[in-house]
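These notes are about the structure you will find just below.
The values are calculated or read from the model by the stated rules, or taken from the named source; none is laboratory data. Computed from a predicted model, the values in this text were never measured in an experiment. So basically every Cβ, Gly included, is an ideal-geometry build from the backbone, and we count neighbours across all protein chains shown. Each accessible area value is taken on the protein alone, full model and side chains, heavy atoms only, with ligands, DNA and RNA left out. Shrake-Rupley method; radii C 1.70, N 1.55, O 1.52, S 1.80 Å.
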Amino acid sequence: MADRIDKETVNHVAELAKLSLTEDQLPYFTGQLDSIMDLVDTLSEVDTDGVEPTYSVTDQINVMREDVAQNWGERDALLNNAPEVADGLIRVPTIIDESED
């Protein structure tokens, strides 16, 4: 089973992620997280002497343009397509409700 990761740690991480785990699920996820940590430990055994760091996997370079605000005059047309508008802004439903914390 788990060597470094215990059930309390898994429970803590689950709470941070706003997940609810049952007591039956804890041993399963504890073992999985411990296996992941073992996999990460194997990376420290790899000899990386003389290996250049990879900063980008492509040779493409970003082309930047001047950041200029332009008024396209489409605000009203956009707001007319929105299902609900409040004070000149598009009103959307609450996605994350932190009142339960």
**Message:** Condition first: farther than 30 Å from V13 by Cβ, polar (S, T, N, Q), modelled with pLDDT of 85 or more and in a helix (DSSP H, G or I). Can you find one or more residues in region 69-85 that meet it?
**Reply:** yes
**Message:** Please pick out the residue among E8, E15 that is in a helix (DSSP H, G or I), surrounded by fewer than 13 Cβ atoms within 10 Å (Cβ to Cβ), over 21 Å from the mean Cα position of the chain (by Cα) and without any contact (Cβ under 8 Å) to a residue 24 or more places away in the chain.
**Reply:** E8
**Message:** Here is a list: T58, T30. Which entry is open to solvent by less than 100 Å² (accessible area, probe 1.4 Å) and touching a helix residue (DSSP H, G or I) at 6+ places or on another chain (Cβ under 7 Å)?
**Reply:** T30
**Request:** Given the conditions (1) surrounded by fewer than 10 Cβ atoms within 10 Å (Cβ to Cβ); (2) assigned to a helix (DSSP H, G or I), report the number of the one that D49 does not fulfil.
**Result:** (2)
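Within region 24-46, restricting attention to residues that are outside any helix (DSSP H, G or I) and either under 19 Å from R4 (Cα atoms) or in contact with a strand residue (DSSP E or B) (Cβ under 6 Å, 6 or more places away or on another chain) (or both), which residue is modelled with the lowest pLDDT?
The qualifying residue modelled with the lowest pLDDT is S44.
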